[in-house]
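What follows is a set of notes on a single structure, which appears directly below.
The values are calculated or read from the model by the stated rules, or taken from the named source; none is laboratory data. The structure displayed is predicted, hence computed values, not measured ones. Reconstructed Cβ throughout: ideal geometry from the backbone, glycine too, with neighbour counts over all protein chains shown.
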Amino acid sequence: MPEDKRGEHTAEKGSTVLYDYVLSPLYDQVTVLIPASITPNSITLFGGALCATSFVLQQQGRFALSALLFGLYLVADNVDGKHARATGQTSEWGAVLCAPISARPRLILPFSASR
């Protein structure tokens, strides 16, 4: 069993001061709350569902709920990889799965403004 490193923060090269000193440590603490039995891929898929639901709600004019779900998507998007590394559950499939889901907001953003 790999050493559990959840909750440990390390600055990431090329990231912002806000991410390094505020957001990433917050995400590290959220990661500690996730049981090791929950797979990183399930976190990724859950985040993708949150993002898609947020988009639909935005199109319906339900902006507050859309913003809340999008914020939760951002947490899931940042926590999935941290959880995978901390629990030794990294995989090539996880990286392949995460890439298009992480890119989804950049792909649908132009359409969300066209309402």
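Side notes on the structure shown:
- Each residue in the range 74-115 was checked for being modelled with pLDDT under 90 and not aliphatic (A, V, I, L, M), and 16 pass.
- Residue in the range 51-62 that is outside any helix (DSSP H, G or I), in contact with a Ser or Thr (Cβ under 7 Å, 6 or more places away or on another chain), surrounded by 14 or more Cβ atoms within 10 Å (Cβ to Cβ) and modelled with pLDDT of 90 or more present: no
- Residue that is surrounded by the fewest Cβ atoms within 10 Å (Cβ to Cβ), among those in the range 63-88 that are within 16 Å of the chain's Cα centre (by Cα), over 16 Å from ASP28 (Cβ atoms) and not small (Gly, Ala, Ser): LEU68
- Pair list, Cβ < 6 Å and 6+ apart or interchain, from the range 18-42 residues that are more than 13 Å from LYS82 (Cα to Cα) to residues that are not hydroxyl-bearing (Ser, Thr, Tyr): ASP20/ALA11
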